[in-house]
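Worksheet: one structure, shown below.
The values are calculated or read from the model by the stated rules, or taken from the named source; none is laboratory data. Only a predicted model underlies this, so the values are computations on that prediction, with no experimental measurement involved. Neighbour counts run over all protein chains shown; Cβ positions are idealised from the backbone, glycine included. Heavy atoms of the whole protein, side chains included, go into the accessibility calculation; ligands, DNA and RNA do not. Shrake-Rupley method; radii C 1.70, N 1.55, O 1.52, S 1.80 Å.
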Amino acid sequence: METINLAYPHQFEKNSLPETVAAIGVFDGIHRGHQQVIQTAIDKAKRQDRQSAVITFYPHPSVVLKQEKEKVSYLTPLREKTEILKSMGVDKLYIITFNKELSKLQPQMFIDHFLIGLNIKHLVAGFDFTYGHMGKGTMETINQYTRGEFNHTTVNKLEENDQKISSTLIREKLVDGEVEVANHLLGRPHTIRGIVIEGDKRGRTIGFPTANIKLSDDFFLPRTGVYAVTIKHNRQLFKGMANVGYKPTFESKSDRPSIEVNIFDYNQDIYGEELVIEWRSYIREEKKFNGIEQLVAQIKQDEKTIRTFFHVNRV
């Protein structure tokens, strides 16, 4: 898959680019609804003997458009999004820098520059995709702007239990600890990626050595608590348990939650290594215990619960 970063104005000549079928959207999460839009573009491209493309935006428009500066966490930061799209078989990925200048383009200018100008011959988008200043352009009005240069397909919303599958809904489920529901809506486990760093090494003194994870990107974290997780390292998959939280038993002063992972039946030095953590099930909320003995007893119970969840016996 070829990845092309664009800003307004880009310098591409339309005739230098292949005729393309493109899916367009922010696509944070690439959940089952997004997958339907993208797969529709891939399938149409194959039928039309054209290249498939995804046109997306970074940073998230809310970062640019909101009055107050706020940190945005992504279900799929750019690296994750790129890898998922590559695995789906997309030929070309356009990443458009979303900034104030882009947000002020009128719908016709946006269409001329980023669709007609990129030689898009068929556009696929969700029913709620908007474009141009203040989102004035919609899929209902797009015929006003095509100049006869491309056709388009609108994909209707995908629902689960009478709710639209959306990145917002998935975030809500993760905040509520409903990891398995969130994973079902995503169509895969919610993941984070990070580097193993040195922590206080307290875990090994109580019989549960943990890998402390420093996030590689701005990942959206689930609620604080203990989880059943799978861990990818060097193309191998391991099972284990993770804690997201503030270590109240030890009165941690951090204003950001830490992420600690205990990999079952594993005892190798992985400092500086990259791990991918897949959230599988929420086990319990984070608690403050009245001492180490209470904490250890609870961790042993957590391990037993999670091994049962995974059907994994202790080695």
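Quick notes
- Considering (1) of a type outside the set (Gly, Ala, Ser); (2) more than 20 Å from the chain's Cα centre (by Cα); (3) open to solvent by 30 Å² or more (accessible area, probe 1.4 Å), the lone condition that residue 21 does not fulfil carries the number (3).
- Among residues of the range 165-220, those that are part of a loop (DSSP other than H, G, I, E, B), of a type outside the set (Lys, Arg) and either over 27 Å from residue 295 (Cβ atoms) or modelled with pLDDT under 95 (or both), counted: 16
- Those residues of the range 65-76 which are more than 25 Å from residue 43 (Cα to Cα), crowded, with 17+ Cβ neighbours inside 10 Å and out of contact with any Ser or Thr (no Cβ under 7 Å at 6 or more places or on another chain), in sequence order: 74
- Per-region count, the range 112-128, residues within 27 Å of the chain's Cα centre (by Cα) and part of a helix (DSSP H, G or I): 2
Listed here are the residues, each with its yes/no results for (1) free of Cβ contacts under 8 Å to residues at least 40 places away in the same chain; (2) surrounded by 15 or more Cβ atoms within 10 Å (Cβ to Cβ); (3) not basic (Lys, Arg).
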site: 47; (1), (2), (3): yes, no, no
site: 60; (1), (2), (3): yes, yes, yes
site: 79; (1), (2), (3): no, no, no
site: 82; (1), (2), (3): no, yes, yes
site: 86; (1), (2), (3): no, no, no
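- The single residue among 199, 177, 187 that is more than 19 Å from the chain's Cα centre (by Cα), among the small types (Gly, Ala, Ser) and open to solvent by less than 70 Å² (accessible area, probe 1.4 Å) turns out to be 199.
- When 118, 174, 186 are checked against the criterion of being touching a residue at least 12 places away in the same chain (Cβ under 8 Å) and farther than 24 Å from residue 90 by Cβ, a single residue qualifies: 174.
- Listed by first and then second residue, the pairs with beta-carbon distance under 8 Å, at least 6 apart or on different chains, first residue in the range 210-225 and open to solvent by 30 Å² or more (accessible area, probe 1.4 Å), second assigned to a loop (DSSP other than H, G, I, E, B) and polar (S, T, N, Q), are 218/73; 220/73; 221/73.
- Answer residue from the range 98-133, given it is surrounded by fewer than 19 Cβ atoms within 10 Å (Cβ to Cβ) and in contact with a Leu (Cβ under 7 Å, 6 or more places away or on another chain) and is nearest to residue 194 (Cα to Cα) among those: 103
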